[in-house]
Amino acid sequence: MKLHQKGFLLGQLSQGGSMWDHELVAMALSEYSLSGAHWVSTLRVALEELAAAGLVTRVAGKIDDGSHAGKGKVLFHYKLSEFGQSRLHDTGLLQEGK
């Protein structure tokens, strides 16, 4: 059984330090064999939900030049928050020392 998509996104951030939303979405689409605008939007909403819950933090934003999410769309750069890291440890999704 695969990890829930939000858990996957948190895990990627715990390993990668910080990442742009389009990078995280691409990884999740590949991991779960998904495609299409619906899934891209669903995963971007999931990232916003994680930010609203305080598990991740937006560290930067920029307007897409058309090479990632679509010209004129806002891209966000995320990192795992201390609270998010703590919660990953508490739930066993992140082992000590990682």
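The values are calculated or read from the model by the stated rules, or taken from the named source; none is laboratory data. All values derive from a computational prediction rather than experimental measurement. Positions of Cβ are generated from backbone atoms using ideal geometry, with glycine treated the same way; all protein chains shown enter the neighbour counts. Calculation scope for accessible area: heavy atoms of the full protein, side chains included, ligands and nucleic acids excluded. Shrake-Rupley method; radii C 1.70, N 1.55, O 1.52, S 1.80 Å.
Residues that are more than 16 Å from His4 (Cβ to Cβ), touching a helix residue (DSSP H, G or I) at 6+ places or on another chain (Cβ under 9 Å) and loosely packed, with under 14 Cβ neighbours inside 10 Å within the stretch 37-57 comprise just one, Gly54. Among the residues of the stretch 1-39, which ones are in contact (Cβ under 8 Å) with a residue 12 or more places away in the chain and charged (D, E, K, R)? The answer is Lys2, Lys6, Asp21, Glu31.
Checked against the criteria, Asp65 counts as loosely packed, with under 13 Cβ neighbours inside 10 Å, more than 20 Å from Arg87 (Cα to Cα) and not basic (Lys, Arg). Restricted to the stretch 77-96, and to residues there that are at pLDDT below 90 and open to solvent by less than 30 Å² (accessible area, probe 1.4 Å), the residue that is nearest to Leu10 (Cα to Cα) is Leu88. Meeting the requirement of 1 or more residues that are at pLDDT 95 or above and either touching a Phe, Trp or Tyr at 6+ places or on another chain (Cβ under 7 Å) or at positive phi (or both), the helices (runs of 4 or more DSSP H) wholly within the stretch 1-60 are 21-31, 37-52.
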